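J.: Provided herewith is a single structure, encoded as structure tokens, for subsequent inquiry.
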Amino acid sequence: MTATLTTCPYCGTGCNFYLLRDEDGRLTGVEPAGNHPTSRGQLCIKGWNAHAFVEHPDRLTIPQIRTKGNLQPVDWQTALDLIHEKLSGIAEKHGPDSLMFLSSAKVSNEENYLLMKLARAGYGTNNIDHCARLCHSSTVTGLVETLGSGAMTNSLSCFDETELIFVIGSNTTEQHPLIGSRILQAVWRGAKLIVADSRKIRLARHADLHLRHMNGTDVALLNGLMRQILLEGLENRSFIESRTENFAALEKSLAPFHPEYVGKVTGLLPEQIVSAARMYAEAEKAMIVYAMGITQHSHGVDNVRAVSNLALLTGNLGRPGTGVNPLRGQNNVQGACDMGALPDVYSGYQRVSDPAARLKFSAAWQTRLPEKPGLMSTHAIEAAAAGKIRGMLILGENPMLSDANQNLVRQALEKLEFLVVIDIFPTETAQLADVVLPAACYAERDGTFTSTERRVQRGRKALTPPGEAQADWQILCALLQRCGVNADYVEPGEIMAEISRLTPSYAGISYARLEGNGLQWPCPDAQHPGTPILHREQCARGKGRFSPVAYRPPKELPDASYPLLLNTGRIGIHWHTGSMTRRSHLLDREERSAFVEINPEDAEKLQVRTRQQVKISSRRGAIQAAAKLTERVPPGQIFIPFHFAEGAANALTNNALDPESGIPEFKVCAVRIDPC
Ligand SMILES: Nc1nc2c(c(=O)[nH]1)N[C@H]1C(S)=C(S)[C@@H](COP(=O)(O)OP(=O)(O)OC[C@H]3O[C@@H](n4cnc5c(=O)[nH]c(N)nc54)[C@H](O)[C@@H]3O)O[C@H]1N2
Ligand SMILES: Nc1nc2c(c(=O)[nH]1)N[C@H]1C(S)=C(S)[C@@H](COP(=O)(O)OP(=O)(O)OC[C@H]3O[C@@H](n4cnc5c(=O)[nH]c(N)nc54)[C@H](O)[C@@H]3O)O[C@H]1N2
Ligand code: SF4
Ligand SMILES: [Mo]
């Protein structure tokens with residue numbers, strides 16, 4: 001038996017485990033790392049099954065090119081030459097900005113860095129983005145504005161000493177299970193818990209207060225809490241005076257949000273708003289935890305601003321047990337952002353529009369770099385549908401199932417002159433590609449991943465990739481070389497050395513220093529121990545900025561033709577587009593096919609029984625799924641997880657975007673249900 005320590009490939013919690021192999025070199029299972037600060041000897045069900053998809057027979061093993069309508073196997077040289085010929089041909093003919101690159105929160109920091117280098121230095125465009133656009137782009141925009149950094153302010157260990165946890169729009173026990181269990185341990189220790197979520201999620205059962213407000217009304221709720229806090233004099237005056245700016249504007253903006261009005265907008269009782277305000281503000285140390293319930297709205301950035309305002313108002317920042325804690329979703333979505341797989345920044349959030357940053361990267365990469373920020377992924381889909389994006393390279397994403405409004409996405413991808421997909425499985429997106437390249441998965445290559453608490457950790461190679469599959473970093477190096485950009489790295493540690501030279505927050509990070517339990521950025525030099533808590537003496541931007549927001553309803557609400565509100569998201573057992581968990585037999589066995597949660601009251605009106613197939617339609621499409629009758633959803637709302645291709649939630653969702661962050665409104669649209 002051999003055991004290789006590595007980082008879990010699923011969520012941003014960042015647990016570590018050992019991959020176990022028998023004498024024949026076959027993967028047999030995983031074992032949690034006992035002395036790791038997050039795993040502490042435990043894993044969730046996905047972690048325990050993280051070995052299961054690795055040797056699945058569906059793994060892509062050979063490059064393929066579309067000839068006469070079908071994907072046919074070819075050798076690497078032919079596939080890579082064709083990719084370079086087509087992408088550079090499109091760039092020459094229509095300009096570099098007719099290309100789009102989608103990076104991945106499933107691949108390492110080094111690979112994200114190389115893809116942004118390929119887009120910028122190789123093909124001359126800033127058109128690069130990744131799934132953070134669909135996820136925490138609202139956080140990055142909102143928190144950079146108010147605090148100066150878009151990352152989780154505190155660490156997971158802070159749950160052990162906080163007095164109150166306010167969970168708003170995060171189904172933590174299912175989506176970040178080891179953080180969820182840490183929250184429950186805090187509750188058993190005596191910490192108070194407020195949950196704000198229209199669904200009766202598991203945490204709600206343990207909450208001192210469960211606010212079941214209407215989806216999309218968080219600005220009203222949060223403004224209502226702040227108005228009440230000020231009314232009762234529960235704000236932190238000295239913090240406001242010494243560490244913040246723009247308070248007067250905030251105070252003025254809160255005037256309309258008295259509890260009766262907020263009650264009307266949110267569906268809550270005025271007393272609930274009053275008690276939540278008191279509970280949160282009276283705690284000496286309170287943590288706000290949020291995720292997609294806050295960010296995935298056409299007013300996602302406003303939601304984030306309101307969350308940040310609440311923490312600033314009560315001085316819950318810069319100390320242990322406090323903070324604004326966006327839980328990052330994918331295992332390396334924090335890292336993909338840090339590495340600049342975004343249209344407007346290089347690694348370390350250095351702006352492409354800043355001449356000094358551009359000069360620095362130009363000198364390091366020995367090439368001219370474009371200065372105009374690139375397209376967001378959601379805008380790129382619209383641009384492809386309009387024929388303005390003509391070539392696309394997608395590394396480790398499956399937008400056919402994960403982007404809003406599937407019909408639009410299909411139309412956009414089909415219209416492309418040339419589409420490359422690099423993945424480990426033949427996904428719904430790969431099926432539309434002109435070239436498909438087989439990648440090594442997490443267990444088959446070295447690299448680093450950055451967890452939600454900004455902890456940079458090692459992933460380690462435990463076995464060789466299947467067939468001819470290659471590590472993403474090797475594939476990207478081969479493409480960089482074809483572009484004439486220097487990429488002669490022998491191993492990923494050398495890529496990290498380049499990253500740390502060019503990225504101040506990663507400057508003190510090297511593979512040698514990551515042995516042990518990794519390092520939390522900012523880590524500015526080789527002696528620095530890492531930073532568990534941000535904004536201690538002052539905020540990253542100097543003063544914390546209050547950013548007043550007005551309430552705006554979601555773009556599409558239920559009406560006579562589409563009378564139900566559709567909420568979408570995930571379940572504990574499955575991962576996103578299902579490419580990995582539906583190929584893990586124990587996970588697949590638990591939940592095999594598409595379903596829709598319907599409140600029994602609505603089911604009765606619709607005359608729908610449990611497990612019956614129903615048709616769900618919106619203005620954008622229709623799907624079928626099995627009815628699951630449950631009081632988890634309130635009357636008037638249904639919930640569909642987006643894991644199942646055969647009942648794809650995103651055939652229904654609304655691609656209305658937040659004007660600032662470009663995130664789609666995944667959490668609210670109008671639908672109807674008809675029996676099949
Ligand atoms: N098992 C599993 N775990 C995962 C993932 C997975 O696919 N499967 N994905 C990972 C990723 S990338 C991410 S981003 C995270 C997401 O983690 P979460 O954000 O926790 O997951 P979601 O199910 O998208 O939504 C969370 C909750 O938001 C609530 N909600 C919806 N609308 C609103 C609203 O307007 N206001 C409020 N306050 N709440 C609302 C929903 O009812 C839902 O319970 O999970 C990560 N972990
Ligand atoms: N309706 C609705 N839609 C949503 C959301 C929602 O709440 N509701 N949430 C959104 C959010 S928060 C997110 S993060 C996105 C996620 O959207 P995606 O990132 O598109 O979803 P995944 O299924 O995680 O896709 C990852 C892909 O990478 C592949 N892969 C895994 N490991 C590797 C590797 O090592 N190398 C390569 N090259 N490929 C690899 C997998 O097979 C898979 O195809 O979905 C968004 N879509
Ligand atoms: S909580 Fe997240 S990181 Fe930990 S084992 Fe589960 S999926 Fe993996
Ligand atoms: Mo996400």
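J.: Can you pull out the residues in the range 575-594 that are closer than 11 Å to ALA645 by Cα and among the small types (Gly, Ala, Ser)?
T.: GLY578, SER579, SER593, ALA594, listed by residue number.
J.: For the condition open to solvent by less than 10 Å² (accessible area, probe 1.4 Å) and without any contact (Cβ under 8 Å) to a residue 60 or more places away in the chain, what is the one hit in ALA649, ALA626, ALA603?
T.: None of the other options fit; the residue is ALA603.
J.: Residue by residue through the range 26-84, note down the ones that are of a type in the set (Lys, Arg) and away from ligand 3 (no atom under 13 Å from the Cβ).
T.: The answer is ARG26, ARG59, ARG66, LYS68.
J.: While we're here: Residue check: is HIS84 modelled with pLDDT of 95 or more and either outside any helix (DSSP H, G or I) or within 16 Å of ligand 2 (Cβ to nearest atom) (or both)? If you could, list the steps in order and put the result at the bottom.
T.: On the way: modelled with pLDDT of 95 or more: yes; either outside any helix (DSSP H, G or I) or within 16 Å of ligand 2 (Cβ to nearest atom) (or both): no.
No; evaluated as a whole, the condition is false for this residue.
J.: Among the residues of the range 53-98, write down those that are under 31 Å from the mean Cα position of the chain (by Cα) and over 24 Å from THR577 (Cβ atoms).
T.: LEU80, HIS84, LYS86, LEU87, SER88, ILE90, ALA91, GLY95, PRO96, ASP97, SER98
J.: Let me ask something else. For SER451, all conditions in the list (1) of a type outside the set (Phe, Trp, Tyr); (2) within 30 Å of LEU514 (Cβ to Cβ); (3) more than 16 Å from ligand 3 (Cβ to nearest atom) hold save one; what is the number of the exception?
T.: If we test SER451 against (1) of a type outside the set (Phe, Trp, Tyr); (2) within 30 Å of LEU514 (Cβ to Cβ); (3) more than 16 Å from ligand 3 (Cβ to nearest atom), just (3) comes out false.
J.: Moving on. Considering only residues that are within 15 Å of the chain's Cα centre (by Cα) and away from ligand 1 (no atom under 11 Å from the Cβ), which ones fall in the range 302-333?
T.: Listed by number, the residues that qualify are VAL304, ASN325.
J.: On to the next question. From the list ARG582, ARG619, which one is outside the structural domain of GLU428 (by TED's automatic domain parsing), in a loop (DSSP other than H, G, I, E, B) and either without any contact (Cβ under 8 Å) to a residue 24 or more places away in the chain or in contact with an Asp or Glu (Cβ under 9 Å, 6 or more places away or on another chain) (or both)?
T.: ARG619 is the lone residue from the list that is outside the structural domain of GLU428 (by TED's automatic domain parsing), in a loop (DSSP other than H, G, I, E, B) and either without any contact (Cβ under 8 Å) to a residue 24 or more places away in the chain or in contact with an Asp or Glu (Cβ under 9 Å, 6 or more places away or on another chain) (or both).
J.: Would you mind listing the helices (runs of 4 or more DSSP H) fully within the range 133-216 where at least 3 residues are away from ligand 3 (no atom under 16 Å from the Cβ) and at pLDDT 95 or above?
T.: Once the helices (runs of 4 or more DSSP H) in the range 133-216 are filtered for at least 3 residues that are away from ligand 3 (no atom under 16 Å from the Cβ) and at pLDDT 95 or above, what remains is 137-146, 177-189.
J.: Pick from the range 520-556 the residues that are in a loop (DSSP other than H, G, I, E, B) and basic (Lys, Arg): which of them is nearest to ALA670 (Cα to Cα)?
T.: That would be LYS555.
J.: Go through the range 624-676 and tell me which strands (runs of 3 or more DSSP E), entirely inside it, have 1 or more residues that are among the charged types (D, E, K, R) and closer than 22 Å to ASN599 by Cα.
T.: Counting at least 1 such residues, we get 669-675.
J.: Go through the range 194-227 and report how many residues are closer than 24 Å to ARG319 by Cα and of a type in the set (S, T, N, Q).
T.: The total comes to 1.
J.: Let me ask another. Quick test of your reading of the structure: TYR280 fulfils all but one of (1) buried (at least 23 other Cβ atoms within 10 Å of the Cβ); (2) away from ligand 4 (no atom under 16 Å from the Cβ); (3) more than 30 Å from THR162 (Cα to Cα). Name the failing condition by number.
T.: (3)
J.: Next question, about the same structure. For the range 122-150, which residues satisfy the criterion of being open to solvent by less than 10 Å² (accessible area, probe 1.4 Å), away from ligand 2 (no atom under 16 Å from the Cβ) and in the same structural domain as ILE499 (by TED's automatic domain parsing)?
T.: THR125, ASN126, ASN127
The values are calculated or read from the model by the stated rules, or taken from the named source; none is laboratory data. A quick note: this is a predicted structure, and the numbers were derived from the prediction, not measured. Positions of Cβ are backbone-derived with ideal geometry, glycine not excepted, and every protein chain shown enters the neighbour counts. To get the accessible areas, we keep the full protein, side chains included, count just its heavy atoms, and leave off ligands, DNA and RNA. Shrake-Rupley method; radii C 1.70, N 1.55, O 1.52, S 1.80 Å.
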